[in-house]
Amino acid sequence: MKNFKHLVVAFSLVMVAVLFTAGQAVAQGEAMSSVTSAMKAGSAKELSRNFGSMVEITLDGGEATNYSSTQAEFVMKNFFAKNAPVDFSVNHNGASDKGQLYAIGTYASKGDSYTVLIRMKSANGKYLIHSMNFIKD
């Protein structure tokens, strides 16, 4: 009987861990899916819904600059206006040991192609972009 109680407790803990991990995976997938859709559409407004309060943006190997989410939306609106999207695809994504999400993708416009590194952090149970780096290929 004592072993049965230990088995039930152990099983319960395993189930809680599995459900927690599955919930995180769904949140991560939803966050990156939303970003991918916004990038494909070239929609700064949709993309900004995924911004943290401050976003570091680097364009074409320039200086990394921190912007408020509102400023970052305007920076991306300008970028999309100058580089209208033809396609965006995620080539690789994952999570760090500290729970940050990242994605490496390819952003194609009519004239240029960029490798894009997007990093997201969890804030209030939601993953939000804290940096974006656009490197011209």
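The values are calculated or read from the model by the stated rules, or taken from the named source; none is laboratory data. All values reported here derive from a predicted model rather than from experimental measurement. Every residue, glycine among them, receives a Cβ derived from its backbone with ideal geometry; neighbour counts consider all protein chains shown.
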(request) Would you confirm whether any residue within region 17-32 is under 17 Å from ASN133 (Cα atoms), crowded, with 17+ Cβ neighbours inside 10 Å and modelled with pLDDT of 95 or more? (result) no
(message) Suppose we filter region 119-131 for residues that are out of contact with any Phe, Trp or Tyr (no Cβ under 9 Å at 6 or more places or on another chain) and hydrophobic (A, V, I, L, M, F, W, C); how many remain?
(response) 1
(message) Could you list, ordered by first residue, the pairs with Cβ atoms under 6 Å in which the first is in region 39-66 and among the aromatic types (Phe, Trp, Tyr) and the second is at pLDDT 95 or above and surrounded by 13 or more Cβ atoms within 10 Å (Cβ to Cβ), at least 6 apart or interchain?
(response) PHE51/SER69; PHE51/ALA72; PHE51/ILE129
(request) Scan the strands (runs of 3 or more DSSP E) fully inside region 23-137 and keep the ones with 2 or more residues being aromatic (Phe, Trp, Tyr) and touching a helix residue (DSSP H, G or I) at 6+ places or on another chain (Cβ under 9 Å). (result) 126-136
